[in-house]
Amino acid sequence: MYYPEKSLKNAKKLLVSPDLENVVSLRLEPEPKTCCCSDCWPLVWQEVNDSIHPQGPVQHEGQALIKVGSERCLLVQNESGPEILLLVTASLSVVAAVVNLIVAICGSLRKERKCPAKVKIVRRRSFGKKIAEDLLVEIDLDDSTAKPDKMKGIIEVAIKNSF
Ligand SMILES: [Zn+2]
């Protein structure tokens, strides 16, 4: 099960944020829903771990803090969707690293045996006692005309516009 508040609180601690409201969660949510663990998506997590090496690896249902310069973001392997958490004050280079990570996950996913038709990128933030949830973009993984560059462009615009 995915508990957004628990996940944001975990990231608040690991990213050393004084305030929960500073933490932003970006999650890839498959459509239709499917398990996203490293047993079900072995290729995706192998390629993700290769790309973040020597940092990580993200173990089964685990997480990894990824350094970008003097900052960090957090990559979490949830069964219901890979999640990347960063601070709302993150620099452009962290946002760019997060975009690259999401693009890499989507690219690997298209080669994965259990590839879902679509993946939604959902942003969550805590405000007071509520969690605000926004669908940033929906990526059609079945679209064979979608070139990697085009996919990157769509993801980049959606994420950058949300900061
Ligand atoms: Zn699984």
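Read the figures in this text as sums done on the coordinates, not as results from a lab. Keep in mind that what you see is a predicted model, and the values were worked out from it rather than measured. Ideal geometry is used to build each Cβ from the backbone, glycine not excepted, and the neighbour counts take in all protein chains shown.
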Can you give me the convex hull volume of the Cα atoms of the chain, divided per residue and expressed in Å³?
103 Å³
Helical mean residue ellipticity (222 nm; -39500 (n - 2.57) per DSSP H run of 4+; nearest 500) of the chain
-11000 deg cm²/dmol
Could you let me know the centre-to-centre spacing of the stretch 89-163 and the stretch 46-86, using Cα atoms, in angstrom?
15 Å
Would you work out which of ASN49, CYS35, VAL23 lies farthest towards the positive end of the dipole of the stretch 4-160? Charges go on Cβ: Lys and Arg +1, Asp and Glu -1.
VAL23
Please express the shape of the stretch 13-68 as an equivalent ellipsoid: the semi-axes are the square roots of 5 times the eigenvalues of the C-alpha gyration tensor, given largest first in whole angstrom.
23, 17, 9
Under 8 Å for C-alpha pairs, at least 6 residues apart: give me the relative contact order for the chain, rounded to a whole percent.
27 percent
Need the list of aspartates and glutamates near LYS33 for cross-linking: C-alpha distance under 13 angstrom, and skip anything on the same chain fewer than eight residues off.
GLU79
Between LEU135 and SER91, with labels modelled 7 Å along Cα→Cβ, what's the label distance in nm to one decimal, could you check?
3.5 nm
Taking the alpha-carbon distance from LYS12 and a cut-off under 24 Å, which lysines remain once sequence neighbours fewer than 8 residues away in the same chain are dropped?
LYS67, LYS120, LYS129, LYS130, LYS160
Considering the Cα positions of the stretch 103-153, please state its Rg to one decimal place and its Dmax as a whole number of Å.
13.7, 43
So for the stretch 101-163, averaging the separation of alpha carbon pairs under 8 Å that are six or more residues apart and normalising by length, what relative contact order in percent results?
31 percent
